[in-house]
Amino acid sequence: MSDDMEEAITAAGPRLQQLRRSHRLTLTDVAERTGISKSTLSRLESGQRRASLELLLPLAKIYQVTLDDLVNAPASGDPRINLRPVRRDGATLLPLTRRPGGIQAFKIVIEAGGSDTPDLRTHEGYEWLYVLNGRLRLMLGSHDLVLRPGEAAEFDTRTPHWFGTLDGEGAEFLSLFGQQGEQVHFRARPKTLRRQDSAG
C-alpha cells in the first residue's frame, strides 16, 4: 500500500470524530444507527483501530459523505477522473458515485494471490453484487457460493458474509450498497417475462 493511502486511512479517525460532532451525535447514537459497538467506534476515532470497508460504509451513510471523502483518500493519477480508489486487504475499491447518502456504487477488483481465508462480518445495510470477471466466492451465513461473470447476488449485510476468490485467482465485480431495508425496484421488465407471468 502506498504511503499516501496509509496516511489517508490513518487520518480517518479524526475525520470520523469531526463528522460525528458536526452532526451532533454521540457514540451511542452512532452505535445504535450502525450496529457498530461504542468501543469499536471510540477506537476508530482515536486511531487505535484500523478502518475497514465494513466499518466505513455504514458510517459514510450516517454522515452523508462519500467513502473517499470519509477517508480523504489521495486522488487517482488521471486528472480527468475525479474518483479516488481505496486499496484494502488485497482489493482495490473504486467509488462510482459522488452523491452522499442513498445507494453507493463501487467497482471492486480483488487481486490474484489475495487471501482466500474467510472472515465473515456483519454491518447495517443491503448489498447487490454483479460479477464482471473471474470467479467470486461469496460466503453468506451457512451458504458457500461461487459467482461467475454475469451472475449476481443480493443480501442483507446483517447476515454474516465474506467475499474472496478461488485458487488465488483475481476477480472483478460491481457492488451497490444501500441502507437497511432498501431493495431493488424494477420499473421495467422484459416482454418475454411479462408474457410468461400472464400465462402462469
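The residue pairs whose first member lies in the range 127-152 and is without any contact (Cβ under 8 Å) to a residue 12 or more places away in the chain, whose second member is open to solvent by less than 20 Å² (accessible area, probe 1.4 Å), and whose beta carbons are closer than 6 Å, counting only pairs six or more residues apart or on different chains, are Leu145/Leu138.
The single condition among (1) within 20 Å of Thr97 (Cβ to Cβ); (2) open to solvent by 40 Å² or more (accessible area, probe 1.4 Å) that Glu151 does not meet is (1).
Taking the criterion of being surrounded by fewer than 16 Cβ atoms within 10 Å (Cβ to Cβ), assigned to a loop (DSSP other than H, G, I, E, B), modelled with pLDDT of 90 or more and more than 13 Å from the chain's Cα centre (by Cα), would at least one residue in the range 126-134 satisfy it?
As a first pass, look at the range 126-134 and keep what is surrounded by fewer than 16 Cβ atoms within 10 Å (Cβ to Cβ): 132-133.
Now drop any that are not assigned to a loop (DSSP other than H, G, I, E, B), which leaves none.
No, the range 126-134 contains no residue that is surrounded by fewer than 16 Cβ atoms within 10 Å (Cβ to Cβ), assigned to a loop (DSSP other than H, G, I, E, B), modelled with pLDDT of 90 or more and more than 13 Å from the chain's Cα centre (by Cα).
Looking at Arg84, Arg21, Arg88, Arg80, which is the one that is open to solvent by 10 Å² or more (accessible area, probe 1.4 Å), modelled with pLDDT of 75 or more and of a type outside the set (Val, Ile, Thr)? Step through it out loud before you land on a result.
Working: Arg84 fails: modelled with pLDDT of 75 or more; Arg88 fails: modelled with pLDDT of 75 or more; Arg80 fails: modelled with pLDDT of 75 or more.
Selected residue: Arg21, the only one of Arg84, Arg21, Arg88, Arg80 that is open to solvent by 10 Å² or more (accessible area, probe 1.4 Å), modelled with pLDDT of 75 or more and of a type outside the set (Val, Ile, Thr).
When the range 10-58 is filtered for residues that are touching a strand residue (DSSP E or B) at 6+ places or on another chain (Cβ under 8 Å) and in a helix (DSSP H, G or I), the ones remaining, listed by number, are Leu53, Glu54, Leu57.
Of all residues in the range 34-48, those being open to solvent by 50 Å² or more (accessible area, probe 1.4 Å), in contact (Cβ under 8 Å) with a residue 40 or more places away in the chain and in contact with a Leu (Cβ under 8 Å, 6 or more places away or on another chain) number 0.
If you go through the range 164-188 and keep only what is open to solvent by less than 60 Å² (accessible area, probe 1.4 Å) and either at pLDDT 85 or above or part of a strand (DSSP E or B) (or both), you end up with Gly164, Thr165, Gly170, Ala171, Glu172, Phe173, Ser175, Phe177, Gly178.
The values are calculated or read from the model by the stated rules, or taken from the named source; none is laboratory data. As the structure is a computational prediction, the values presented were derived from the model and not from experiment. Reconstructed Cβ throughout: ideal geometry from the backbone, glycine too, with neighbour counts over all protein chains shown. Just the protein is used for accessible areas: all its heavy atoms, side chains included, with ligands, DNA and RNA removed. Shrake-Rupley method; radii C 1.70, N 1.55, O 1.52, S 1.80 Å.
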